[in-house]
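The next block holds one structure in the form of structure tokens; read it before the comments.
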Amino acid sequence: GILNEGEFIETVHFKGLQLSLLAAGDGTEVIHHKLQPGSSWAMGPEEGWEGLEYFFIVSGKLVYHRDEISIVLKAGQSFYESPIKEYTIFHAEEETEFIYVTSQPVFHHYSQLSKELMELTISIEEKDGYTRDHCERIKDYSLFVGEALGLSTKRTTRLNLAAFFHDLGKVKVPLNILQKPSKLTDDEWEIMKLHTTFGRELLAETKMPFFADIGLIVEQHHERYDGKGYPKGLKGDEIAIEAAIIAVVDSFDAMTTDRVYKKGKSKEEAFEEIIRNRGTMYHPLVVDAFIALKDKIEKY
């Protein structure tokens, strides 16, 4: 088939990322990616995946991060692996377009699944009395902390998605509980607490190993460092570091956000509250890294 300029078989948009299927056949797909400045795109190994992955930078530039390595890829340069063996993050510092070719079909799976999960996540945050920026803020704050703690590329990729999807399970909590303006009864609170496990189950249902890993982090984001959290009462280093980061960031954002039933605290008060709970509710190293980022977060 002939595609004229600007024509695509199908296009999907996420925040900061546009994916367009240019050509598909015999299991091979050619996908055009357009990333906005500050956006990231990640690749990682998956069980049963043996595909060739190749992409060519059309315009802009991508910074390629793989644990200790950072390489800048500019227009005209390309990258390929068959199959990819390491987690790799590509970060766009300016608007960047690249053509991605894979020998195994990913577009529909990738686009529909991510799109549905993202839309669901944003809709549930709005029903819970947040603005649609809440997920985005949690993700950004979490990545600031992850970077400060020197997390590996694989952990950073997992943190990125788990932070965005942390409250996905609230979609299964009845609205009369989720939106109740007064204090929850004990029974209602038990149902509300299940949102962590519901989130893990929804991500496991995608049948994608990477999403299942993210689900385990999502399930732990209300665990406490002292073991008094839920759903499993994990403590200390039994809790994934990604979940420990989301716990601090999510609490901070919840404290400083105006909700229907209460006005938010000032950022200063919220920072003090986080420090007060260092080593009880929150992982001490995460708190220290978060407090060290105070200026960056206040300006955000």
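The values are calculated or read from the model by the stated rules, or taken from the named source; none is laboratory data. Everything numeric in this text was worked out from a predicted model, so none of it was measured. All Cβ positions, glycine included, derive from the backbone under ideal geometry; neighbour counts span all protein chains shown. Ligands, DNA and RNA are stripped out before the accessible areas are found, and what is left, the full protein with its side chains, is counted by its heavy atoms. Shrake-Rupley method; radii C 1.70, N 1.55, O 1.52, S 1.80 Å.
Tabulated results
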| read-out | value |
| --- | --- |
| Solvent exposure ordering (accessible area, 1.4 Å, most first) of ASP133, ASP250 | ASP133, ASP250 |
| Computed [θ] at 222 nm, deg cm²/dmol, the chain (DSSP H ≥ 4; -39,500 (n - 2.57); rounded to nearest 500) | -12500 deg cm²/dmol |
| Surrounding net charge for LYS207, when Lys and Arg each add one and Asp and Glu each subtract one, Cβ distance under 12 Å | -3 |
| Convex hull of segment 93-213 built on C-alpha atoms - directionally averaged projected area, nm² | 9.8 nm² |
| Sequence-distant residues sharing a close amide H with ALA23 (under 5 Å, placed H) | VAL30 |
| Sequence-separation-based contact order of segment 20-151, relative, with Cα cut under 8 Å and 6+ spacing, percent | 29 percent |
| In order through segment 24-29: 3J(HN,Hα) via Karplus (6.51 cos²θ - 1.76 cosθ + 1.60), integer Hz, x for Gly, Pro | 8, x, 6, x, 8, 10 |
| Charge tally in the Cβ shell below 12 Å around PRO181, where Lys, Arg are +1 and Asp, Glu are -1, PRO181 excluded | +4 |
| In segment 170-215, the trypsin sites (Lys or Arg not before Pro) that fall in loop regions by DSSP, at most 11 other Cβ within 10 Å | LYS183, LYS207 |
| For the chain: relative contact order, % (alpha-carbon pairs under 8 angstrom, 6 or more apart) | 13 percent |
| Segment GLU47-ASP186, length gained on full extension (0.36 nm per residue, minus Cα span) | 45.8 nm |
| Length gained when the stretch SER123-LYS207 is fully extended (0.36 nm per residue, less Cα-Cα span) | 28.0 nm |
| Degrees, to the nearest 10: 153-164 long Cα axis against longest axis of the chain | 60 degrees |
| Gyration tensor verdict on segment 179-300 (Cα atoms; rounded if a/c is under 1.5, prolate if a/b is larger than b/c, oblate otherwise) | oblate |
| DSSP-assigned coil residues among GluC sites (Glu not before Pro) in segment 170-243, each with at most 11 further Cβ atoms within 10 Å | GLU205 |
| Nearest 10 degrees, 0 to 90: helix 209-219 Cα axis against the chain principal axis | 20 degrees |
| Sparse-neighbourhood loop sites, trypsin sites (Lys or Arg not before Pro) in segment 46-94 - DSSP loop, at most 16 other Cβ within 10 angstrom | LYS85 |
| Whichever lysines have a C-alpha closer than 17 Å to that of LYS74, once near sequence neighbours (fewer than 8 apart) are set aside | LYS34, LYS61 |
| Cα→Cβ-extended label distance, 7 Å offset, between TYR54 and LEU293, nm | 3.8 nm |
| Estimated D of the chain in µm² per second, where Rh is the Kirkwood radius over Cα pairs and Stokes-Einstein applies at 4 °C, 1.567 mPa s | 63 µm²/s |
| Residue-by-residue Karplus 3J(HN,Hα) for segment 89-105, coefficients 6.51, -1.76, 1.60, Hz, glycine and proline x | 10, 10, 10, 8, 8, 9, 4, 10, 10, 9, 9, 10, 10, 9, 8, 10, x |
| Given LYS193/LYS294; LYS139/LYS170; LYS127/LYS193; LYS183/LYS299, the pairs whose alpha carbons are separated by over 23 Å | LYS193/LYS294; LYS183/LYS299 |
| Ranked packing of 140-151, 116-127, most packed first, by mean Cβ within 10 Å | 140-151, 116-127 |
| In Hz, Karplus ³J(HN,Hα) per residue of segment 273-278 (6.51, -1.76, 1.60; θ = phi - 60°; x = Gly, Pro) | 5, 4, 4, 4, 9, 5 |
